Amino acid sequence: MLNRLKDNANWRVVRDRALVPAAARARAWRDRVQANDPVYAAARRPGPPEKIAATVTLLLVAAVILFLLLFDWNLLRGPIGRWASARYDREIQLNGDLDVNLFSWTPSARVRDLRIGGPDWAREKDTLTVEDLRASVRLRALLTGNVEMPLVQVVRPRAVLVATADGRQSWRLDPDAPDTGEGLKLPPINRLLIQDGRLSLDEQGRKIRLEATLNAREGSDGRAGFHLEGEGTINGTPLTVLVRGGPFINIRRDRPYAFHGEIAGVGTRLVADGTITRPFDLGQFTAALRLQGRDLADIYLLTGVTTPNTPPYRLSGKLTRDDARFTFADVSGRVGSSDLSGKVVVDKVDDRRRVDAELGSRLLDIDDLMAVLGAKPRVTSGGDTVVSSGAPGRLLPDAPLNVERLRVMDGTLRYRAARVKRNGFDVRQVDIGADLAGGVLDLDPVAFTFNRGELRGTAKINATRDRPYSAIDFRLRGYPLESIIPARDGQPTVTGQALGRARLEGPGASVHDFAAASRGTISLVVPQGRMRAAFAELMGINVLAGLLKMDDDSTAEIRCAVADFTVSGGTATARTFVVDTTPVLAQGAGTIDLDSETINLRIDGETKEARLIRLWSPITVQGPLTGPQVGIDAGSVAGQGGLAAALGALVTPLAALLPFVDPGLADDANCGALISSAR
């Protein structure tokens, strides 16, 4: 009861303070209008002028309505066609009957035999012809500034889409407008019917030719719904396209429209199951995407997105489109023998495609990464992936870099491998960063972490030239020598840590071509270490000591080892080659040909102590880099034996041993100066 009284009291306050004064002001305004407004007075008591004006107005409205009812709309076909042709710089004709019904809550129009010609450079084929086109709009929505179409019916449309290698597209009615990459946006259509449609695509840049059928039917049978099916070729290989969706009936803008799509070509297959978030706005959709193929680089021909060469792959994830921005998230799958996960974003910035990717592997097979660098993967009958350089006996990959693809987009990449499968280099982790802008690819970092030690560096590839020009700078830190020189009888021949640096630059479309034309420096330094004593003695060709120590596990100190090469025209020439051990000082000379991938080194050893039997013969290292042969200079040994025979004949049998006696006059190398010069 108390609350009811309070409510009544509040109502009386509102009534007395607000409503009553407002009503009084409204009555006063009405009285002023009635007393002073001539229009109101004329409407209340019309005289002859007012009656005449009203009659004329009604007659005009009736005449307009009658004119529209009886008007032959075909008279406008020519003017409409001429205006459209001038506006879009191509021939547009309405050759058949034009019917318009304006007096309805859903005004409609029907056009027969519509023809839209191609632009000047593609006049030989019409871009679109339609035998019969019907469309209607809702009048109430139109009066509020919105377009809603209850019906669109298209009979036998024929579309011919041509895209040239330089980017011209015949279907763009306004070619001078910037290409923002946004999807086609149509007004809401409640019923869309397409009967016996045909679509032809000629994409000359990626060599795509496609002939497709297009239908949209109502009903509940298997033929109902939207169907696009096509066959053709892409880069000379078969191409198939399939897109299916439900019937376009009772479509609402706030209800997603489900679709299924498949594309197969160039050894690649893409399958998408998704929904268009707002029907007829093709710039907004989400889909579960699955893709597989023999090489990720082939994706470029289907999507225009540049990707590296890879072994066969199978990936899946969630694809989302927001106008020009595509996001491929929750990526998971395998590339070769390695797992791959992460996120890829494709966007359009300043009229250029941009790709930003964050990818990683829990367990990487190093052979799969070599394929990215240009090595060629091969799949054996058992399904295993084998990676080769592409040429028998070659170490450096020779697959050419496609510079055109690097020029059409920008972007970034960060790839990390947490672990690496067991491999000959003992790589444990990988970290690679890349930045592509204006046709210049910066790789920073390129890092390989070993069980001990690390190789880290940068590389720059300038793809704006017809022949790419590259520069690399790599540093090796703490790499174990026992990973380079194999063990003997289960015991390491050499121990220690290697430091190195390679600074090279030059032209070349592949890793091999770059190396074969490069110039710069390559250096390798071992500040200290240990070596099997027998191996050290044999560097000085102390045959007796070396043979006696073959079964001895004793070691000799490596005071330092320095190999410093200058590179010119792909040939690395030894500027300094010194291995200083406790018993022997070895010095070498020779070359490494990066084009033929062969080595030709000669190593001379001098003992630091007197040796009874020593063959004065250099050690030779010759042959392909993949399997060099180590031996001795037979000519020097033969000459030394001949000298011994001559002395034996002229002097005494004891003198015959003199050619094999080494006085051991070698001094220790200046390791500090050698290492400093190599760095």
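The values are calculated or read from the model by the stated rules, or taken from the named source; none is laboratory data. Note that the coordinates shown come from a computational prediction; the quantities given were computed from them, not determined experimentally. Note: ideal-geometry Cβ built from the backbone for every residue, glycine included; neighbour counts use all protein chains shown. Only protein heavy atoms, including side chains, enter the accessible area calculation; ligands, DNA and RNA are left aside. Shrake-Rupley method; radii C 1.70, N 1.55, O 1.52, S 1.80 Å.
Key figures for this structure:
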read-out	value
Sorted peptide list for 358-365, 410-417, criterion being average Cβ within 10 angstrom, highest first	410-417, 358-365
Two-decimal log10 I(q)/I(0) for segment 250-337, as the Debye equation yields it once each C-alpha is a single scatterer, q = 0.12, 0.22 Å⁻¹	-0.40, -1.09
Contour minus Cα-Cα distance for Arg172 and Thr566 (0.36 nm per residue)	136.2 nm
Net lengthening on full extension, Ile80/Arg575 (0.36 nm per residue, minus Cα-Cα)	170.0 nm
Positive minus negative residues near Leu173 (Lys, Arg vs Asp, Glu; Cβ under 10 Å)	+1
Distance (nanometres) between label positions extended 7 Å along Cα→Cβ at Thr237 and Glu211	2.2 nm
Förster radius 51 Å - calculated FRET efficiency between Glu557 and Arg255, Cβ distance, rounded to 0.05	0.05
Nearest-0.05 FRET efficiency for Arg223 and Asp444, computed from C-beta distance (R0 51 Å)	0.35
Segment Ser337-Tyr88, extension gain: residue separation times 0.36 nm, minus the distance between their alpha carbons	84.3 nm
Packing rank of 554-561, 146-153, where each peptide gets the mean count of other beta carbons within 10 Å, highest leading	554-561, 146-153
Segment 154-178 versus segment 256-317: alpha-carbon centroid distance in Å	23 Å
Protection proxy ranking of 475-481, 76-82 - average other beta-carbon atoms within 10 Å, highest first	475-481, 76-82
Which listed pairs, of Lys318/Lys348; Lys125/Lys318; Lys207/Lys376, have C-alpha distances above 27 Å, in listed order	Lys125/Lys318
Simple label model, 7 Å out from Cα along Cβ direction - Thr106 to Glu182, nm	2.8 nm
Computed accessible area, Lys376, all protein chains, 1.4 angstrom probe, square angstrom	90 Å²
Solvent-accessible area per residue, Å², over segment 189-282 with all protein chains present [probe radius 1.4 Å]	51 Å²
Percent RCO, i.e. relative contact order, over segment 97-207, from Cα pairs under 8 Å lying at least 6 residues apart	24 percent
Separation between Cα centres of segment 114-141 and segment 496-516, rounded to whole Å	58 Å
Neighbourhood net charge (12 Å Cβ-Cβ; Lys/Arg +1, Asp/Glu -1) for Val100	0
For segment 202-241 and segment 345-365, distance of Cα centres in Å	29 Å
Stokes-Einstein D (µm²/s) once Rh is taken as the Kirkwood radius of segment 448-531 over alpha-carbon pairs, at 37 °C in 0.692 mPa s	226 µm²/s
Mean separation of Cα contacts under 8 Å (6+ apart) over length of segment 212-312, as relative contact order %	17 percent
Nitroxide proxy distance, nm - points 7 Å out along Cα→Cβ at Glu131 and Asp593	7.1 nm
